[in-house]
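Note sheet for the following structure.
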Amino acid sequence: MEKTDILSLDLQELQSALEKMGEKKFRAKQIFQWLHVKRVLDFDKMTDISIQLRECLKENFCINGLFMQKRLASCIDNTVKYLYRLHDGNFVETVLMQYHYGNSLCISTQVGCKMGCRFCASAIAGFVRNLEPSEMLMQIYETEKNSGVKISNLVLMGIGEPLDNFDNVMKFLNILSHKDGNNFSLRHVSLSTCGLVPKIYELAGLKLGLTLCISLHSADNSARSEIMPVNCAYNIDELVKACKYYIAETGRRITFEYAVIDNVNSSDKDADKLADLLRGINCHVNLIPVNKVKERNYRTAKNAVAEFAGRLEKRGINATVRRTLGSDIEAACGQLRRDALK
């Protein structure tokens, strides 16, 4: 009999499963708290439930853990990058970053990525499968355990496209934020998408309170399609329309991510076009030097990002330059997984 991944069950599903086993409903809350508050990953250590129930749990459920394959700590800042091996031998990456406002964790939502963005290392090794809610949760639990620090902000911006794994990601957020579990506020969660328009509308309807980040990277359809194939399916006009709907439905400001790439999207004309596109939208622009990827020739010239930010500011667009963290450990997602597969 195939066992059920218990960490991927929300409280209601766990209650239903236990009731079918003839157990009282309140036992589900006890087990849920053992898993998600006390972070106990061994049924035998759940000492306030009977030995008989613990044996039943072992017969019917499994707890899929992560195994730390590699840990790289930056000598420049306090960034730590983890390569985790999953139960089936696949790999994902997780990055712990320290800011003045707290500890931020960037997690993966898929093994690989289908989106094929030209400047991204995550797509090079190809897409394998979606992550289960448990595998997203365990990136948090294992990193907190290893680092000894509490995560205050969560970013779904690692390997994979979160909205391409919509159901599992939503379930993960539900478990993470449940009042009887982690009780993690979704206002401290940022979800990054390359622009899966139908899912943006669906996400808006849930009104989760999280911050939606759009990987835009160009205000020109032709240029964006060259570096982001998703634009061929959902162009910039469709994407911006969905973003405006999201803002109207949720009351939340959107962040537009923009990697400044030499000879692609870094000119004054590009900045002007971006300013025209975003004017009047309740948004923030986060400018990023493009990450160096061995298999790609994309680069960002020195001072190019600051100059681009200045051009936007003059046009009335709120923009900041993302601080580069962990550059000595290749903290951009996808590179450790790629090397491990080689």
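Quick rundown of the values:
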{"item": "Candidates PHE67, PHE61, filtered to the one that is farther than 21 Å from ILE107 by Cβ and modelled with pLDDT of 95 or more", "result": "PHE61"}
{"item": "Unmet criterion (only one of (1) within 26 Å of HIS178 (Cβ to Cβ); (2) without any contact (Cβ under 8 Å) to a residue 40 or more places away in the chain; (3) not β-branched (Val, Ile, Thr)) for GLU55", "result": "(1)"}
{"item": "Residue match in the range 203-225 (condition: over 30 Å from SER267 (Cβ atoms), under 13 Å from the mean Cα position of the chain (by Cα) and at pLDDT 95 or above)", "result": "yes"}
{"item": "Residue among LEU163, LEU131 that alone is touching a helix residue (DSSP H, G or I) at 6+ places or on another chain (Cβ under 6 Å), under 23 Å from MET97 (Cβ atoms) and aliphatic (A, V, I, L, M)", "result": "LEU163"}
{"item": "Restricting the range 172-227 to residues that are closer than 21 Å to GLU144 by Cβ and of a type in the set (D, E, K, R), the residue that is surrounded by the fewest Cβ atoms within 10 Å (Cβ to Cβ)", "result": "LYS179"}
{"item": "First in the range 122-140 and touching a residue at least 12 places away in the same chain (Cβ under 8 Å), second anywhere and of a type in the set (Lys, Arg) and not in a helix (DSSP H, G or I), Cβ under 7 Å, 6 or more apart", "result": "PHE127/LYS114"}
{"item": "Residue ID - nearest to the chain's Cα centre (by Cα), chosen from residues in the range 47-64 that are farther than 16 Å from GLU23 by Cα and surrounded by 17 or more Cβ atoms within 10 Å (Cβ to Cβ)", "result": "ASN64"}
{"item": "Helices (runs of 4 or more DSSP H) (entirely within the range 1-106) containing at least 3 residues that are in contact with a Lys or Arg (Cβ under 7 Å, 6 or more places away or on another chain)", "result": "11-20"}
{"item": "Top-ranked residue of the range 1-46 - restricted to ones that are small (Gly, Ala, Ser) and without any contact (Cβ under 8 Å) to a residue 12 or more places away in the chain, ranked as surrounded by the most Cβ atoms within 10 Å (Cβ to Cβ)", "result": "SER16"}
{"item": "Criterion: touching a Cys at 6+ places or on another chain (Cβ under 8 Å) and of a type in the set (D, E, K, R) - qualifying residue of ARG253, ARG224, ARG279", "result": "ARG253"}
{"item": "When residues of the range 251-265 are limited to those that are among the charged types (D, E, K, R) and either modelled with pLDDT under 95 or not in a strand (DSSP E or B) (or both), the one nearest to CYS120 (Cα to Cα)", "result": "ASP262"}
{"item": "LEU274 vs. criteria farther than 17 Å from PRO289 by Cβ, in contact with a strand residue (DSSP E or B) (Cβ under 9 Å, 6 or more places away or on another chain) and at pLDDT 95 or above", "result": "no"}
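Results for (1) part of a loop (DSSP other than H, G, I, E, B); (2) modelled with pLDDT under 95; (3) over 19 Å from LEU96 (Cα atoms), shown as yes or no for each residue.
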| position | (1), (2), (3) |
| --- | --- |
| CYS117 | yes, yes, yes |
| ILE151 | yes, no, no |
| ILE175 | no, no, yes |
| ASP180 | yes, no, yes |
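The values are calculated or read from the model by the stated rules, or taken from the named source; none is laboratory data. Nothing here was measured: the structure is a model prediction, and the numbers come from that model. Cβ atoms come from the backbone with ideal geometry, glycine included; neighbour counts cover every protein chain shown.
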